[in-house]
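The structure under discussion appears below in the form of structure tokens.
Throughout, read-outs are computed from the coordinates displayed, never taken from laboratory work. Please read these numbers as outputs of a predicted model, since none were measured by experiment. Reconstructed Cβ throughout: ideal geometry from the backbone, glycine too, with neighbour counts over all protein chains shown.
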């Protein structure tokens, strides 16, 4: 129990409060709104940094835990906690929001834009920090509303279609998650007489093989859509394409991680046996996502759609890392979630800069930008190389850990996934050649170099890309204990008590408890 | 207790405090009618509305006193020769009915004044209808349920037909009346058969009879219960007895629709839950599968047919059918938790539907006719507060988190999961997602540009995004602080679309400012605040509903 400063509650309530403040301020001054937005998100970043400093490395359990009863009639409590798996996702979220708000030019001062962004930040942080399944679900769903309004309010031509598709797709999948959560809680209440949504207690629920698999599928349906995992990705290219720059940054950078985080936090923790049973299926989907995403990205002529499909491929890596069920692969997956968030955000921001200057996302309309803006081209190159996974940049560390960790247990999947790295190099380099090389036509003559303001919000991202590439140690040190605890938990539950076919399942309470204390 | 008079007719002791809320409403209704009939000086509509609201407040206080009596220290009781039961469950519905009257009086006030409908009829009928719903909730005897049903229904038939200038209104009243009369007849026949099978019309006695007797052939009883179920399902608009709903909802004057949607669900579900949960509890195995099918049909029909509607009133009619399906989930669970869940859902839904139809009343404009979805285009930009309120109410109906709508769905789905109706739970949530599509459509239209600005210039703002008339966008969803200047935001010079708005926008401004009465706005504000506040801090309503148990 944490007796000191309630970091986590503040992390969730601070942006929510700032959103409310923005909404009720009787002014529509852009400067003021922008200032409130910056103040809110930067203060949140400050708290996140402080929480990271206060986080003690080497401890794999949840830290800074806060529990307050909320709806006691239903056993729902405001339970927040952070461990190595969520810590850096929280930090990444706190970094990306001010950056995204900085990266959204004129409308960045719109009152409601700022309010929705801050509310979205609260929703994302709440999802990463919740230990109570229902509170998690609430925040998980809450994120849909601001994104819907962000896309419809400030998106591109087909924003209504894209936003509605996104909303309905994810809401539909969440139906399964909610019923899954309630079923799990019901089973737990039947066994223990205690109605609780606390994931730490629910992990000790005894599930028969079928129950486990069904619940796993119910949970994973929602996460697979949110991430998205192939073949549940069809909403994402549209949503990313039609979002404003900030929306795309948050959708791909932060919200995609809600899905993969959900898989690691809840699927692995709650249904270890089902995870082991179904791992090959998910690994295969991950690998298909990697290859398919890469190939489809290669034929895109629209830069945003290209990044959307490349995102699908990178999320495939994370899925492979999560279901390889080895320490290194899982650490790699967690790290890769952060990496992907950072460089995808950077790519979307750079694409937005190009659009702002020339009004196009299409590789057909763009050429020779390198001559006009070498620094911008340089940053693009660096980000792109990180995305490809070149050593020395952050993408490499994550992908290497995932592939080497997966190779230990699932050799052929690792081999197939490696092919994806090559495909990624192909489509990104093609796109780069198209857009940056060559001779600028008269249209590109007006193309200008990156401004100081743009540089200001790109700088932290570039810094993180390089830092994590050369010096991932401090981060991995904090991730690994939690990951090890989780992997031990999964192995314990899944392997200690595998029931013989046709034989009733023996309770696995000791192992589950042991792994989760 | 029972005094025998000389003629041999037993006059029961009447505990007037137990039926005080009903009496207050009926009394208020009579006072209103008398004032209207005497009509010395033409009383302004505002006075009638205030009287009606005050009656509602009085009934609310009486209801809270009853609640305290039942809940704090005292105990549930039966009254008037056991034909009424005063327990947490009935008092909760009494309190809810009183709230509905208060909010609905405020909302109707603006409408009546705008349309120039003088006289106390609307309020008098509404008060009478609400007293019927209260009676249904407190009834412990089929005869009393029937009385309540008729006292509630007949004013609703009249309310539906109240707007004489529109033929649809008369048609709605007629349709509602004819079909309602049919369903009442079926209901009475159900009472007769049940009486034949069990020898009583008293709910508790029937429950006792069924608990102690095992009948070898219970065809008569099942037929009776089935007919009763049909009668109830008609009132709550469950499929396949929903045919009247879209036409009546669309045709009735809009504030009457909101009131009707709220109060008919209250009365119908209060009695339905009580009868099936306490009297026919032992027949659970027979009615649970039937309700499963009915719930699925109701959920799916409401959601799917709602998708294709272009008229917002009609759309909300289908949405109310979808909600009825959710409430049935709680009954289908046949558990104490399911009861509480259904009660909670009815509570939450009543406020949502009142607020939604209040917004529709405002947008409908003079004559109450512009209900096509296109009339909502740009509403949130012209009237940010109103738009925000409607967005909250619609999103809550779609089940957005941190609103009461979500918690209602959560509660009933949990009850369903607890009774192992997993498939039903999944179907319900999926239809919720389908229904979200049509709520979102309205929200999207509200937040898109007004018709004149349909093709905004593709201004390349330095944000990289399409600048859609940038300044109005700033007003989007700004929940507060916009009331002064928020009616029509002046377009900034750099937005070329702004000039085009000029003429059309001015007209809209005048039309919009005509329709909004402060009382209606207050009614909407109450429902929105209820939805948000209890969505974020749900403990009070949850413990209230949790405590509202049945006596039997």
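Numbers for the structure displayed
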| item | result |
| --- | --- |
| Cα long-axis angle, helix A:84-102 against chain A (0 to 90 degrees, to the nearest 10) | 30 degrees |
| Against the rule of thumb 2.2 N^0.38 Å, how large the Cα Rg of segment A:7-497 comes out | 0.92 |
| Spatial separation of Cα centroids for segment B:401-444 and segment B:216-277, in angstrom | 21 Å |
| Theoretical gain in end-to-end length, residue A:32 to residue A:442 [0.36 nm per residue, Cα-Cα removed] | 143.7 nm |
| Fraction of antiparallel bridges per DSSP, segment A:7-497 only, in percent to nearest 5 | 100 percent |
| Ellipticity estimate at 222 nm from DSSP helix runs (n ≥ 4, -39,500 (n - 2.57)) divided over the protein assembly as shown, nearest 500 | -24000 deg cm²/dmol |
| Cβ crowding within 10 Å averaged over residues, with A:14-26, B:104-116, A:308-320 ranked highest first | A:308-320, B:104-116, A:14-26 |
| Relative exposure of A:52, B:520, B:527, judged by other C-beta atoms within 10 Å (fewest first) | A:52, B:520, B:527 |
| Contour excess over end-to-end distance, with Cα ends at residue B:284 and residue B:167 and 0.36 nm allotted per residue | 37.7 nm |
| Virtual spin-label span in nm between residue A:429 and residue A:39, 7 Å along Cα→Cβ | 5.0 nm |
| Ranked A:372, A:257, criterion: other C-beta atoms within 10 Å, fewest first | A:372, A:257 |
| Centre separation in Å (Cα based) which lies between segment A:306-380 and segment B:99-178 | 60 Å |
| Residues of segment B:172-209 with amide N under 16 Å of the 7 Å Cα→Cβ point at residue B:223 | B:186-199 |
| Segment residue B:307-residue B:61, extension gain: residue separation times 0.36 nm, minus the distance between their alpha carbons | 84.5 nm |
| Förster radius 45 Å - calculated FRET efficiency between residue B:181 and residue B:543 (Cβ-Cβ, nearest 0.05) | 0.65 |
| Efficiency of FRET from Cβ geometry, residue A:456 and residue A:68, R₀ 35 Å, rounded to 0.05 | 0.35 |
| Degrees separating the helix A:394-409 axis from the principal Cα axis of chain A, which is the longest one | 40 degrees |
| Relative contact order [Cα under 8 Å, 6+ residues apart], segment A:319-466, whole percent | 39 percent |
| Pairwise Cα inverse-distance average, inverted: Kirkwood Rh of segment A:194-276 (Å) | 14.0 Å |
| Cα→Cβ-extended label distance, 7 Å offset, between residue B:47 and residue B:215, nm | 5.6 nm |
| Cα extents of segment B:65-194 along the three principal axes, largest first (Å) | 51, 38, 17 |
| Over segment A:7-497, relative contact order from alpha-carbon pairs under 8 Å, at least 6 apart, % | 16 percent |
| The protein assembly as shown: projected area of the alpha-carbon convex hull, averaged over directions, in nm² | 44.3 nm² |
| Rel. contact order, % - alpha carbon contacts under 8 angstrom, at least six apart, segment B:36-183 | 22 percent |
| Shielding of A:29-37 by partner chains, average beta-carbon count, 10 Å | 1 |
| Cα gyration tensor, segment A:292-418 - rounded (a/c under 1.5), prolate or oblate | prolate |
| Order of A:59, B:87 under a 10 Å beta carbon neighbour criterion, fewest first | A:59, B:87 |
| 0 to 90° range, to nearest 10: angle between helix A:303-323 axis and chain A longest Cα axis | 20 degrees |
